[in-house]
1. Less than 12 Å from a label point 7 Å out along the Cα-to-Cβ axis of T113: which backbone N atoms in region 39-55 qualify, by residue?
2. Which ordering of L34, L67 is given by a fewest-first count of other beta-carbon atoms within 10 Å?
3. Neighbour counts of other C-beta atoms within 10 Å: give me Y79, Y128, Y85 arranged from fewest to most.
4. Normalised by the residues of region 23-131, what does the relative contact order come to in percent, with Cα pairs under 8 Å and at least six apart?
5. Take W54 and C120, extend 7 Å from each Cα along the Cα→Cβ direction, and tell me the distance between the two endpoints in nm.
6. Sort the following peptides by mean Cβ neighbour count (other Cβ atoms within 10 Å, averaged over residues), highest first: 97-108, 113-124.
7. Of K70/K132; K108/K130; K97/K130; K73/K110, which ones are farther than 18 Å apart at the Cα?
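Bear in mind these aren't lab numbers, they're just calculated from the coordinates by the rules spelled out. If you're wondering where the values come from, they're calculated on a predicted model, not measured in any experiment. Positions of Cβ are generated from backbone atoms using ideal geometry, with glycine treated the same way; all protein chains shown enter the neighbour counts.
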Amino acid sequence: MKTLFKLTSILYLFFVISCSKDKSVNNPGLDPALNGNWKLIETFADPGNGSGKWRPVDSNAPIENILFKKDGKLRWSRYKEFIFYTKSDSRILSFAKIDASVWKYFYKVKNDTLILNPPCIEGCGFKYVKIK
């Protein structure tokens with residue numbers, strides 16, 4: 001009986017110690033590189049003929065940003081109805097709205113730059129820089 005108690009105690013202790021408080025470490029649906037605040041710096045639009053270019057945002061326009069939280073919550077000034085995000089795979093982020101509908105965006109993080117490409121018939125995208 002004492003052996004069973006010791007074994008149970010050791011297993012319990014092992015599980016408690018192995019648990020991490022950082023949800024992004026344990027959740028493969030989150031990308032730790034996204035954590036933090038991002039500011040929109042450029043937009044991309046293509047009329048359908050391949051002539052699209054990245055253009056800086058208007059300096060007089062309101063600042064647009066996205067805050068990705070470690071627990072999968074989201075604050076996006078452009079789309080306030082998006083409240084959660086998950087990583088569908090290495091290239092796709094799924095954004096969940098309050099009404100439970102989901103939008104999928106292609107994404108790429110390189111250094112401190114994030115590119116989001118929503119579903120568009122022609123090319124379109126948003127380029128963000130991480131705010132330190």
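1. Under cut-off, by backbone N: 41-43, 54-55.
2. L67, L34
3. Y79, Y128, Y85
4. For region 23-131, the relative contact order is 29 percent.
5. About 1.3 nm, to one decimal.
6. Highest-to-lowest ranking by the protection proxy: 113-124, 97-108.
7. Pairs exceeding the cut-off: K97/K130; K73/K110.
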